[in-house]
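Notes to accompany the following structure.
The values are calculated or read from the model by the stated rules, or taken from the named source; none is laboratory data. Please read these numbers as outputs of a predicted model, since none were measured by experiment. Neighbour counts run over all protein chains shown; Cβ positions are idealised from the backbone, glycine included. Note: areas computed on protein heavy atoms with side chains; ligands, DNA, RNA excluded. Shrake-Rupley method; radii C 1.70, N 1.55, O 1.52, S 1.80 Å.
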Amino acid sequence: MSNGEMNPDTIRVLAEQHGLKRALEKFPDGVKGAAERGLRPVDAMPAGNSPITNPAPVFNPEQYERGK
Amino acid sequence: MTDLAWLSVAEGAQLLRSRKLSPVEWTKALLDRISVVDPAYNAFLVVTADKALAQAKAAEAEIAGGKHRGPMHGVPYAAKDIFDVAGMATTCHSKIRKHHRAAADAFTIRKMQEAGAILLGKLALHEFATGGPAFDLPWPPARNPWNRDLHPGGSSSGSGAALAAGLAPAALGTDTGGSVRNPATCCGIVGMKPTYGMVSLSGVFPLTYSLDHVGPMTRTVEDNAILLHALAGHDVEDPTMSQRPMADCLKDMKAGIKGMKIGVIEHFYTKDSPADPDQVRGIESAIEILKKLGAEVRTIQVSPLSLWTDCNRTIHASEAYAIHERDLQERPEGFAMLTRNRILAGAFVSSAKYIKAQQLRRALCKEMAEATRGLDAVITLSSLLLPCKIDDTPEVLKTYDQQCRLVFNVTGTPAISVPTGLSKSGMPLAMQIAAHAFDEPAVYRIAHAYCEAAGTIITADPKTQPRLVAAPRTAAAE
């Protein structure tokens with residue numbers, strides 16, 4: 001799998017885990033391509049950033065109080 | 001009087017206000033033209049002729065009675081079929097939604113009604129605003145009026161085609177990775193993605209909650225600003241909306257750009273993903289014009305285009321899959337192949353990858369803010385390639401990856417696509433002008449000055465218009 005090609009059994013297990021058995025049966029190439037794209041990792045952050053320097057979207061409880 | 005097909009919103013508004021033109025006359029002229037011209041271009045999914053004429057008669061009576069609501073009063077427009085109109089299907093160009101009926105109008109459709117605008121009908125798109133031009137759906141894909149064999153861009157494909165074919169002076173589109181600006185680029189019109197949170201998303205079928213924008217599409221820059229003013233306004237039902245009032249985009253639009261500071265993100269199209277030479281020639285000549293108009297122009301550097309693409313596509317895949325998961329599990333055959341393949345990728349994106357993409361988004365936004373400090377605006381290309389054959393799927397997919405539009409969906413900042421001329425093969429070229437969040441006035445000011453000087457806008461002069469063809473006999477069979 002070093003060249004990005006995925007094992008058909010791996011794709012089948014992943015597709016079934018996601019409830020996509022029907023999609024895999026009808027459109028095996030589409031599911032295979034989607035799995036390869038979806039599983040590809042995100043590229044490295046720009047210099048000076050890391051997963052601990054930038055939080056994910058901020059939760060703001062105050063926004064639910066608007067108008068009260 | 002100018003041919004009504006090519007009348008701009010601003011020109012038409014003046015004629016309507018002075019009662020030299022009736023909204024009924026303008027609406028009838030466009031409905032007639034749609035019935036003759038549109039079979040070749042498939043811009044409209046449905047034409048609401050009766051409703052349009054009733055709205056036009058009401059507008060005529062109001063204006064005659066001295067009640068003029070503003071520059072959109074009595075002006076015809078059309079909406080991408082992703083906006084809810086009460087009692088009508090919002091099909092999203094999908095057979096899955098063919099029998100849907102909207103219970104209420106989208107907030108933006110209500111805003112257009114309040115402004116007195118006339119809805120001509122609902123426009124074609126790429127299914128669910130993603131995928132590409134599909135031939136396995138109940139309706140054919142919209143065609144490019146400059147060459148009907150070539151891709152009109154998407155996903156607001158019908159909006160771009162309707163404007164370039166002279167079927168409407170204004171249209172509504174949506175933009176998640178460039179879906180307003182791509183058809184604007186391919187069809188030679190003006191398409192704006194405003195700041196995230198400026199225009200309500202209520203009643204618009206979502207694609208990717210955190211990247212979706214509603215945007216105005218027109219033939220001129222001034223018309224675009226007029227339409228954005230009609231659309232913007234706070235909606236308490238939409239949690240993504242900003243509380244900030246919109247700045248006046250028309251006030252200084254014609255004040256010129258002497259002394260304005262503009263950055264060029266050149267490495268996107270010269271180094272990261274080298275563009276078609278015609279597109280590069282177009283932006284290079286635009287830079288010369290901006291300099292002649294008195295702007296100070298310098299190149300700036302941000303992260304490579306591939307990183308922006310990675311960020312946008314990961315968020316897009318995850319959020320879109322969350323919306324369509326059940327249908328993809330239970331009836332995957334209900335989607336067009338291009339749509340299904342694109343959205344399915346989201347099933348395999350892990351939560352960790354999604355969170356990393358959101359972290360990356362924050363880092364990229366910070367980086368762009370730092371790189372553009374002290375500048376009024378930035379310019380870069382819109383499409384890197386020229387429109388390809390509409391039925392060449394591998395080439396169509398390539399055009400979606402080789403573009404610089406999605407950068408400004410990641411930042412949420414305003415960006416407009418304006419024409420920079422024609423390629424050697426006679427297809428429209430374009431560039432983007434972007435600015436800081438909520439600085440739409442700067443975008444429009446530069447866009448207006450440039451387009452006036454360059455003369456690249458479709459006008460009533462036949463020399464600037466696409467040469468339209470009659471509907472081919474095979475169109476009905478598509």
Pick out, from the range B:21-127, the strands (runs of 3 or more DSSP E) lying fully within it that include 2 or more residues that are surrounded by fewer than 20 Cβ atoms within 10 Å (Cβ to Cβ), at pLDDT below 95 and touching a Leu at 6+ places or on another chain (Cβ under 9 Å). none
With the structure loaded, tell me whether B:V302 is in contact with a strand residue (DSSP E or B) (Cβ under 6 Å, 6 or more places away or on another chain), outside any helix (DSSP H, G or I) and at pLDDT 95 or above or whether it fails that test. no
When you go through (1) modelled with pLDDT under 95; (2) buried (at least 24 other Cβ atoms within 10 Å of the Cβ) one by one for B:D136, which number turns out not to apply? (2)
Here is a check on your reading of the model: is B:I315 touching a residue at least 24 places away in the same chain (Cβ under 8 Å), open to solvent by less than 10 Å² (accessible area, probe 1.4 Å) and more than 9 Å from chain A (Cβ to nearest Cβ)? yes
Which one of the conditions (1) facing chain A (nearest Cβ under 10 Å); (2) modelled with pLDDT under 95 does B:T393 fail to meet, given that it meets all the rest? (1)
I'd like to check something: does the range B:219-238 contain any residue that is assigned to a strand (DSSP E or B), open to solvent by less than 10 Å² (accessible area, probe 1.4 Å) and touching a residue at least 12 places away in the same chain (Cβ under 8 Å)? no
Go through the range B:243-262 and report how many residues are over 21 Å from the mean Cα position of the chain (by Cα) and either outside any loop (DSSP other than H, G, I, E, B) or of a type outside the set (K, R) (or both). 10
Open to solvent by less than 50 Å² (accessible area, probe 1.4 Å), within 20 Å of the chain's Cα centre (by Cα) and among the charged types (D, E, K, R) - does that describe any residue in the range B:271-281? no
Among (1) in contact with a Lys or Arg (Cβ under 8 Å, 6 or more places away or on another chain); (2) open to solvent by less than 10 Å² (accessible area, probe 1.4 Å); (3) in a loop (DSSP other than H, G, I, E, B), B:L163 falls short only on (3)
Part of a helix (DSSP H, G or I), under 25 Å from the mean Cα position of the chain (by Cα) and among the hydrophobic types (A, V, I, L, M, F, W, C), is that true of B:A369? yes
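Yes/no per residue for (1) in contact with a strand residue (DSSP E or B) (Cβ under 9 Å, 6 or more places away or on another chain); (2) of a type in the set (S, T, Y); (3) on the phi > 0 side of the Ramachandran plot:
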| position | (1), (2), (3) |
| --- | --- |
| B:K98 | no, no, no |
| B:R110 | no, no, no |
| B:L120 | yes, no, no |
| B:T174 | yes, yes, no |
Candidate set from the range B:348-363 (those that are more than 7 Å from every other protein chain (Cβ to nearest Cβ) and assigned to a helix (DSSP H, G or I)); member that is most open to solvent (accessible area, probe 1.4 Å): B:S351
Residues satisfying the stated conditions in the range B:1-20, i.e. in contact (Cβ under 8 Å) with a residue 60 or more places away in the chain, surrounded by fewer than 22 Cβ atoms within 10 Å (Cβ to Cβ) and assigned to a helix (DSSP H, G or I): B:A5, B:W6, B:A10
Pairing a residue in the range B:322-347 that is facing chain A (nearest Cβ under 10 Å) and open to solvent by 10 Å² or more (accessible area, probe 1.4 Å) with any residue that is part of a helix (DSSP H, G or I) and among the aromatic types (F, W, Y), where Cβ atoms lie under 9 Å and the two sit 6 or more apart in sequence or on different chains, gives B:R342/B:Y400
